[in-house]
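Novice: Once you've had a glance at the structure underneath, I'll fire off some questions.
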Amino acid sequence: MSDPGLWALPLALAGGALRAATPYLFVSLGECLTEKSGRINVGVEGILLVGAMSAFGAAWATGSPWAGIAAAAAAGAAMGALHGALCSLARVSHVAAGVAILVLGTGIAFFAGKPFIEPQAPTLPAIELGAWSSHPAVASALRLNPLLALGVVLAFGMRAAFRRARVGLAVIAVGDDAAAATAMGLHVDRTRLAATTLGGALAGIGGASLSLFHPTGWSEAISGGQGLMAMALVIFARWDPVRCLGAALLFGAAGALAPALQAAGHGHAWQLLHLAPHALTLAILVTGTTRARAMRGLPGELAVLR
Amino acid sequence: MTSAGLDPPPRVEARGLARRFGPVIALDAADLDVRPGSVHALLGENGAGKSTLAKCLVGALAADRGRIVVDGRDVTLRHPRDAHALGLGMVWQHFSLVPCLTVLENLVLARPDAPRWIDWRHERAALDAFLEDVPLRIDPGARVADLAAGEKQRVEVVRQLRLGHRVLFLDEPTSVLTPQEADALLGRLRALADAGRISVVLTTHKLDEVIAHATHVTVLRRGRVVADAPLDRTIDAATLATWMVGHAPPSVARPAPRDARQPARLSIRALRVARAAGGPPVAIDALDVHAGEIVGVAGVSGNGQRELVEALCGQRSVDQGAIDVDARPWRADRASMRAARFGCVPESPLANATAPDMALADNLVLRVFDRAPIASRTGRVRRDALRASAQALAARFAVQSGALGRAIATLSGGNVQRAVLGRELVDDTRLLVAVNPAFGLDVGAAADVRRRLVELRATGCAVLLVSEDLDELITLSDRIVVMFEGRVVLSTLGVEADRQALGLAMAGHSAIASARADN
Ligand SMILES: Nc1ncnc2c1ncn2[C@@H]1O[C@H](COP(=O)(O)OP(=O)(O)OP(=O)(O)O)[C@@H](O)[C@H]1O
Ligand SMILES: [Mg+2]
C-alpha cells in the first residue's frame with residue numbers, strides 16, 4: 001500500500017463511516033431503547049440539536065469537552081423525560097408529542113445557540129488508531145472520535161442487557177405487551193419513562209459528538225437531518241443495538257460518499273451523491289415496512305408502526 | 001424457590017365481599033370458602049360477578065366492603081403483591097405472557113426475586129428440575145408467540161406454581177382450549193389438588209368440566225351467592241344450569257332435516273391457502289354450503305380452520321382455487337359482503353371483528369353506519385340514528401346495557417361476543433361464517449345463540465359453523481366435516497355423526513374412516 005491513490009476512495013469511505021457514524025449510533029441506540037419500551041420518539045432530531053448546542057456551549061464556557069458531553073446528556077435526558085411524561089398522559093399521541101419535542105428542541109437550540117455560532121470551543125481528543133501509518137490519509141481516516149468507542153461498548157452492552165439483564169427484559173416486556181407486563185408486576189409507565197429519558201440522553205450525546213469533534217463548531221445546519229435518518233436506521237437494524245452499530249457505519253459511509261468522490265476528483269455527480277444517506281433511508285423505509293419479515297423484532301406496543 | 005409440594009395451600013375465605021362499578025353492583029355481599037386441596041368452580045351468568053370476586057381475592061381489585069380471611073386471619077389485599085405473599089395467584093382470562101420472549105424468560109421475569117443479571121443456563125436447569133415434579137409439560141425455549149393457546153395456559157399455570165402460589169384462581173382457563181386440552185389441564189390441576197398441594201378456584205361456562213373435575217361449586221347470580229355445595233353424584237349439569245339462571249335452560253332441538261337440496265350458496269373448489277405458522281397449507285378439494293343448511297367444521301384448533309375463515313372473510317389471500325358465492329367468484333369486500341348479505345363471527349372477535357378502542361355503539365353499527373338511516377345523503381352520520389340502531393342490535397343478545405358509550409375493549413369477553421353476534425346474526429343474513437359462536441357465553445345465552453342459528457337456517461341462510469364443541473356441532477349441523485392438517489379428512493351427515501369417529505378423525509386417524517357423505 002505504498003500508493004494511497006488506489007486506496008483513496010475506500011479509505012475515505014472508511015474514514016467517513018467512522019467519523020459520521022457516531023451521531024447516528026448514539027441517536028439510534030437511544031431510539032432503539034425508547035422504542036423497545038413501546039414508545040416512539042420522533043423528536044430525536046430536536047434532541048440532537050439541543051445536545052449539540054448545549055455541548056458546545058458548556059465546553060466553551062468551562063473549557064472542558066467532557067463537561068460539554070455531560071451537559072448534552074443532561075439536556076437530552078430532560079427532553080426525553082419531557083417526551084416520556086407527555087406520552088404517559090392519557091390520549092396523547094406519541095407521534096404528536098414527538099413532533100412537539102422536535103419543534104421545541106430545534107427552537108431552543110437555534111435560539112440559545114445564537115451566541116455560539118462564532119467562537120471556538122475545546123474539542124474531544126482523538127483516538128489515533130492510524131498512528132502506525134506514515135500516510136497522512138490513513139492516519140486521518142483512522143482518527144477516531146472517542147465517543148465512537150464509547151458507543152461501540154454501549155451497543156454491545158445494550159444487546160447483552162436486552163438478553164441477560166432483568167431491566168433489559170423488563171424494557172422488552174413493557175414494550176411488547178403492556179398488559180402482560182403489568183400482570184407480571186412490572187411498572188409500565190415508570191419503565192417507559194426511564195427508557196425514554198435515557199434514550200433522550202443518548203441522543204443528546206449524539207449531538208455532542210457532532211459539535212465537539214473535528215470539524216467542531218455549532219451551526220444550525222449541524223445535524224442535517226441525521227436524527228430523522230437514525231430513526232429509519234433503527235428499523236433497518238430491527239431493534240438490535242449491535243445491528244444499529246453496523247447500520248450507523250453504513251449510513252456514515254453513505255454520507256461520506258459524496259465528499260470522498262469529490263476529493264478523488266470525480267466531482268461531477270457529487271451534488272447528487274449528497275443525497276446518498278437520504279436515498280438509503282427511503283430505501284430502508286420502503287423495503288423495511290412492506291415485507292413482513294423485516295418487521296421481526298418490532299415491539300408489539302409500537303402500534304404506530306404496524 | 002421451593003417445590004410446589006412442601007406446605008399445603010391456605011384456606012381462603014371471602015365474607016360478604018361487595019364491589020360496585022358506578023351504578024353497577026358487580027358483587028353484593030358474596031361469600032366463598034376455598035378449602036385446602038379443593039377444586040372450586042365458580043359459576044354464573046355473564047356479568048354475575050365471578051371475575052370480580054376472583055380479582056378481589058388476588059388483590060387486583062379492592063372490595064368496597066367485606067372481609068378476606070386467609071387461614072383464619074383477616075388480611076387486606078391492596079395489590080397482587082400482597083396476595084403473592086400469601087400464596088394466592090391468578091391466571092388471567094387474557095394471557096399475561098409477553099409474546100416476544102421465551103417461556104423461560106417469561107417465567108424468570110415474573111419472579112419478584114429475579115436476579116439482576118440472569119444466568120440462563122442456571123435458570124434452565126432450575127426450571128427443568130422444578131418441572132420434573134409437576135405434571136405439566138412445557139417447552140422452556142419456545143417463544144410464547146409461537147405457542148398454541150393450550151400451551152400458553154400450561155405456562156401460565158407453571159408460572160403460578162413457580163411463584164410459590166398454592167391457591168390458583170383461573171378465570172375461564174378453558175375458554176381458549178380445545179376440549180382435549182381443557183380435559184388434560186383440569187385433570188392435572190385436580191391431581192395436584194387431590195395430592196393436597198394446591199387449591200384451585202376456576203370460573204367456567206362449561207358445566208361438563210365442572211362435573212368432571214371440580215370438588216365444590218359456588219353459583220353467583222347478580223353478585224350474590226345462590227348456591228354453594230360440594231359436588232357429588234346427585235348434582236348434574238341440569239342442576240347447575242338451573243341454579244345459575246333460576247330455571248332450566250331451554251334445550252335447542254336438532255333442526256328437522258331439509259328435504260329438497262337448495263342451491264349451493266358457498267362453494268369451495270381446490271382451495272389452497274398458506275398457513276400462518278407454517279405447517280401444511282389449507283387444501284380443500286370441495287366444500288359446499290347450501291341455502292338452509294348448517295355445515296359444521298370440527299377439528300382441533302390450529303388445523304387450518306382459522307386460515308379457512310380468514311380466506312372467506314377476506315383477511316388472507318387465496319393461493320389457488322376458487323371460492324364462489326352464489327356461483328360467482330367471491331371477493332370479500334364490503335360491497336360483495338353486503339350484496340351476499342354475508343355475516344362473520346370470527347375467533348377472538350375483539351381482535352378480529354371490532355375496532356377495540358371505539359365505542360360499543362360504533363362497533364355495533366359497523367355494517368350499516370354508511371347507509372340510511374344512520375348516514376344522511378351527504379354522508380353525515382346521524383348520532384341519534386346510530387344510537388337507536390346500536391341499541392336495537394345490543395338488545396338482540398342482551399349486551400350489557402349502559403355500556404354503549406364505552407370502548408368495546410373494556411367489556412367482558414362474553415359481552416364482546418354478544419355484541420358481534422348481535423351485529424352479524426341479523427335477520428336478513430343469507431350466508432354466515434361463525435367460529436365458536438357461544439364462546440364465553442353462559443348456558444342461557446349459548447342456547448339463545450344456537451336457537452338463532454337454527455332460525456337463520458330455517459329462513460334459508462347458509463351457515464358454516466366452525467366449532468370446538470362437538471355437542472354443538474352434532475346438535476346443529478346438517479353435515480359435519482372434520483379438518484386435520486389443513487384438509488377435510490371426514491365428512492358425515494349430522495344425524496349419522498358418531499362422536500368416536502369424529503374424535504378419531506380430529507386426531508388424524510381417519511384415512512380409512514372416510515365415510516364420505518354426499519357432496
Ligand atoms: N372495570 C369495570 N368497569 C365497569 N364495570 C365493570 C368492570 N368490571 C366489571 N364490571 C361490571 O361488573 C359486572 C360483573 O362483571 P364480572 O366481570 O365480574 O362478570 P363475570 O361473572 O366474570 O362475567 P363473564 O361470564 O362475562 O366473564 C358486570 O356487569 C360488568 O360489566
Ligand atoms: Mg368473567
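Novice: Placing +1 on the Cβ of each Lys and Arg and -1 on the Cβ of each Asp and Glu in the stretch A:1-112, which of A:P65, A:A78, A:P10 has its Cα farthest towards the positive end of the resulting dipole?
Specialist: Final value for the positive-end residue is A:A78.
Novice: I'm a student and want to see the number: the projected area of the Cα convex hull of the protein assembly as shown, averaged over all directions, in nm².
Specialist: Averaged projected area of the protein assembly as shown's Cα convex hull equals 42.4 nm².
Novice: What distance in nm separates the simple spin-label points at B:A29 and B:A148, each placed 7 Å from Cα in the Cβ direction?
Specialist: 4.7 nm
Novice: If you roll a 1.4 Å probe over the stretch B:12-245 with all protein chains in place, what percent of the accessible area is carbon or sulfur? Can you show the working numbers first?
Specialist: Numbers: 4750 of 9590 Å².
C and S atoms contribute 50 percent here.
Novice: Now for a separate question. Let me check against my output: what whole-number percent is the relative contact order of the stretch B:354-427, with C-alpha pairs under 8 Å and at least 6 apart?
Specialist: So the answer I get is 41 percent.
Novice: A further question on this structure: Which residue, B:T459, B:F484, B:G299, has the largest displacement toward the positive end of the dipole of chain B when charges sit on each Cβ (Lys, Arg +1; Asp, Glu -1)?
Specialist: Positive-end residue among those listed: B:T459.
Novice: Then there is this: Roll a 1.4 Å probe over the protein chains and send me the accessible area per residue for the stretch B:270-370 in Å². Write down the numbers at each step before the final one.
Specialist: Working: 4190 Å² over 101 residues.
I get 41 Å² per residue for this part.
Novice: Could you list which residues have their amide H under 5 Å from that of B:R224, counting only those 5 or more apart in sequence or on another chain, with H placed in the peptide plane?
Specialist: When sequence neighbours closer than 5 places are left aside, the close amide H contacts are B:D28.
Novice: Same structure again: Straight-line reach from B:K152: which lysines fall under 22 Å, measuring Cα to Cα and dropping same-chain residues less than 8 apart?
Specialist: Excluding near neighbours in sequence, the set is B:K55, B:K206.
Novice: Using r as the Cβ-Cβ distance of B:R78 and B:D119, and R0 as 45 Å, what FRET efficiency do you calculate, to the nearest 0.05?
Specialist: E(calc), rounded to 0.05, equals 0.85.
Novice: Let a ≥ b ≥ c be the square roots of the eigenvalues of the Cα gyration tensor of the stretch A:193-267; is it rounded (a/c under 1.5), or, if not, prolate (a/b larger than b/c) or oblate?
Specialist: oblate
Novice: Would you work out what percent of the accessible area of chain A, with all protein chains in place, is carbon or sulfur (probe 1.4 Å)?
Specialist: Summing carbon and sulfur atoms, their accessible area is 69 percent of the total for chain A.
Novice: Restricting to chain B, compute how many DSSP beta bridges are antiparallel as a %, nearest 5. Kindly include the intermediate steps, with their values, before the conclusion.
Specialist: On the way: 45 of 82 bridges.
If I count the DSSP bridges inside chain B, around 55 percent turn out antiparallel.
Novice: In nm, to one decimal, how far is the B:L493 label point from the A:L272 one, both placed 7 Å along Cα→Cβ?
Specialist: 7.5 nm
Novice: Something else now. Residues of the stretch A:179-224 losing 30 Å² or more of accessible area relative to the isolated chain, 1.4 Å probe, heavy atoms only?
Specialist: Checking the loss per residue gives A:A180, A:A183, A:M184.
Novice: Just the accessible area per residue of the stretch A:1-147, please: how many Å² with a 1.4 Å probe?
Specialist: Working: 6010 Å² over 147 residues.
With all protein chains present, the stretch A:1-147 gives 41 Å² per residue.
Novice: More than 21 angstrom separation, counting every C-alpha pair in the stretch B:354-427; what % is that?
Specialist: Every Cα pair in the stretch B:354-427 considered, those over 21 Å come to 18 percent.
Novice: Moving on to the next point. Counting protein heavy atoms only and a 1.4 angstrom probe, how many square angstrom of accessible surface do chains A and B bury in total, to the nearest 100?
Specialist: In total, this chain pair buries about 1600 Å².
Novice: Can you tell me the relative contact order of chain B? Whole percent, Cα pairs under 8 Å, sequence separation 6 or more. Could the numbers behind the result be given before it?
Specialist: Values: 1040 pairs, mean separation 77.6, N = 519.
RCO, chain B: 15 percent.
Novice: While we're here: Under the 0.36 nm per residue contour assumption, what length would be gained going from the current alpha-carbon distance of B:V69 and B:A398 to full extension?
Specialist: Result: 114.9 nm gained on full extension.
Novice: Let me ask something additional. Show me the helices of chain A, taken as full DSSP H stretches, that run 18 Å or more along their long axis by Cα and average 1.0 or above in Kyte-Doolittle hydropathy.
Specialist: A:44-62, A:65-88, A:94-113, A:146-164, A:241-263, A:276-290
Novice: Enumerate by residue number the trypsin sites (Lys or Arg not before Pro) in the stretch A:81-190 meeting two conditions: DSSP loop (anything except H, G, I, E, B), and at most 14 other Cβ atoms within 10 Å of the site's Cβ.
Specialist: On the way: sites: A:R91, A:R143, A:R159, A:R163, A:R164, A:R166, A:R190; in loops: A:R91.
Sites meeting the loop and neighbour criteria: A:R91.
Novice: Same structure, new question: Taking amide H positions as placed in the peptide plane 1.01 Å from N, state which residues far from B:R275 in sequence (5 or more) or on other chains have amide H under 5 Å from it.
Specialist: Amide H to amide H, under 5 Å and 5 or more residues apart or across chains, B:R275 pairs with B:V282.
Novice: Threshold 10 Å², probe 1.4 Å: give the residues of the stretch A:139-176, in number order, that are less accessible with all protein chains present than with their chain alone.
Specialist: Checking the loss per residue gives A:A160, A:R163, A:R164, A:A165, A:R166, A:L169, A:I172, A:A173, A:D176.
Novice: So what J values fall out for the stretch B:61-72 if you push phi through Karplus, 6.51 cos²θ - 1.76 cosθ + 1.60 with θ = phi - 60°, rounded to Hz, Gly and Pro as x?
Specialist: Calculated HN-Hα couplings, in order: 8, 8, 7, 6, 9, x, 10, 10, 10, 10, 6, x Hz.
Novice: A further question follows. At 1.4 Å probe size, with every protein chain present, just tell me what the per residue accessible area of the stretch B:12-245 comes to in Å².
Specialist: With all protein chains present, the stretch B:12-245 gives 41 Å² per residue.
Novice: By the scheme Lys and Arg +1, Asp and Glu -1, what is the net charge of all other residues having a beta-carbon under 11 Å from that of B:T215?
Specialist: Value of the local net charge: 0.
Novice: Could you list which residues have their amide H under 5 Å from that of B:V433, counting only those 5 or more apart in sequence or on another chain, with H placed in the peptide plane?
Specialist: Hits under the 5 Å cutoff: B:G343, B:C344, B:V345, B:L464.
Novice: I want to check the label-to-label distance for B:V226 and A:L89. Put each point 7 Å from Cα in the C-beta direction and report it in nm to one decimal.
Specialist: Going by the 7 Å Cα→Cβ label model, 4.8 nm.
Novice: While we're here: Taking θ as phi - 60°, what are the ³J(HN,Hα) couplings along the stretch B:16-28 by the Karplus curve (6.51, -1.76, 1.60), each to the nearest whole Hz, with x for Gly and Pro?
Specialist: After applying 6.51 cos²θ - 1.76 cosθ + 1.60, I find x, 5, 9, 7, 10, 10, x, x, 7, 8, 7, 10, 10 Hz.
Novice: When the accessible area of each residue in the stretch B:81-101 is compared between its chain alone and the complete protein assembly (1.4 Å probe; ligands, DNA and RNA ignored), which residues differ by at least 50 Å², being lower in the assembly?
Specialist: The answer is B:V98 - residues whose exposure falls by at least 50 Å² when every protein chain is included.
Novice: When the accessible area of the stretch B:354-427 is computed with all protein chains present and a 1.4 Å probe, what percentage of it is carbon and sulfur?
Specialist: 55 percent
The values are calculated or read from the model by the stated rules, or taken from the named source; none is laboratory data. Just so it is clear, the model here is predicted, and its values are computed rather than measured. As a convention, Cβ positions derive from the backbone with ideal geometry for all residues, glycine included, and neighbour counts pool all protein chains shown. Ligands, DNA and RNA are excluded from the accessible area calculation, which covers all protein heavy atoms including side chains. Shrake-Rupley method; radii C 1.70, N 1.55, O 1.52, S 1.80 Å.
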